[in-house]
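Since every read-out is calculated from the coordinates, none of them should be taken as a lab result. Keep in mind that this is a model prediction, so the values were computed, not measured. Note: ideal-geometry Cβ built from the backbone for every residue, glycine included; neighbour counts use all protein chains shown.
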Amino acid sequence: MSTQQGNARAGDGVGTGERDWEAWARTFESIDGPDDFAALFAAEGRFCDPVTPWTTDLHKVARDTDAVFPDWNQRVDRIRGGQDWAVFEWTGTATFHPGEGKAGLPISMTGATVIDVDADGKVTAWRDYLDTNEPTQQITAGLERALEGG
């Protein structure tokens, strides 16, 4: 995951009891690997996205992403939240490798995530919303260009 900062904004948190979601976004953007991803979650934290049903196997979620997109980089573009929840929009970039010895195809995708957190700020529920056709269309177009010699 990236160390780039997104355009994350939240209340300043001073005297409001709100969390510093901008700092949370920077932490999220800097995670590197399954252990870092799982560390964002509470002991029984759950994850779900359009291709992954609700699961507590957070290491597997990160390993599966790394298997398809080893250079996955996710930037938080905007974040809003309260004491025990946040919603953020993100942009992810990566390279799809269609096979050994073949050039990688760059992809970019956008989505939104809703999280619930406990009193310690650990994620108890994470749900990603994204259009799975977005990267599929980019990969298909890249493969078609490659077949045409472009």
What residues of the range 22-45 lie in the reach of a label at ASP118, counting those whose backbone N is under 17 Å from a point 7 Å from the Cα along Cα→Cβ?
37-45
Karplus-derived 3J(HN,Hα) from phi for the range 73-80 (6.51 cos²θ - 1.76 cosθ + 1.60, θ = phi - 60°), whole Hz, x at Gly and Pro, runs 9, 10, 10, 7, 8, 7, 9, 9
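Please identify the DSSP H helices in the chain that span no less than 15 Å along the helix axis (Cα) and have a mean Kyte-Doolittle hydropathy of -0.5 or more.
Working: long enough: 58-68 (16 Å, -0.32); 133-147 (21 Å, -0.65).
Both cut-offs are met by 58-68.
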Let me make sure I get this right: for the chain, a, b and c are the square roots of the gyration tensor eigenvalues over alpha carbons, sorted descending. Under 1.5 in a/c it's rounded, otherwise prolate if a/b > b/c, else oblate. Which is it?
prolate
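Once the Cβ-Cβ distance between THR56 and THR140 is put in as r, and R0 is 35 Å, what FRET efficiency do you end up with, to the nearest 0.05? Let's see the in-between values first.
Numbers: r = 33 Å, r/R0 = 0.95.
Taking R0 as 35 Å, the efficiency between THR56 and THR140 is 0.60.
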How high is the relative contact order of the chain, in percent, counting Cα pairs under 8 Å that sit 6 or more residues apart?
22 percent
per DSSP, antiparallel bridges as share of beta bridges in the chain, % nearest 5, sits at 90 percent
Using a Förster distance of 35 Å, the FRET efficiency for THR93-GLU18 (Cβ separation, nearest 0.05)
0.70
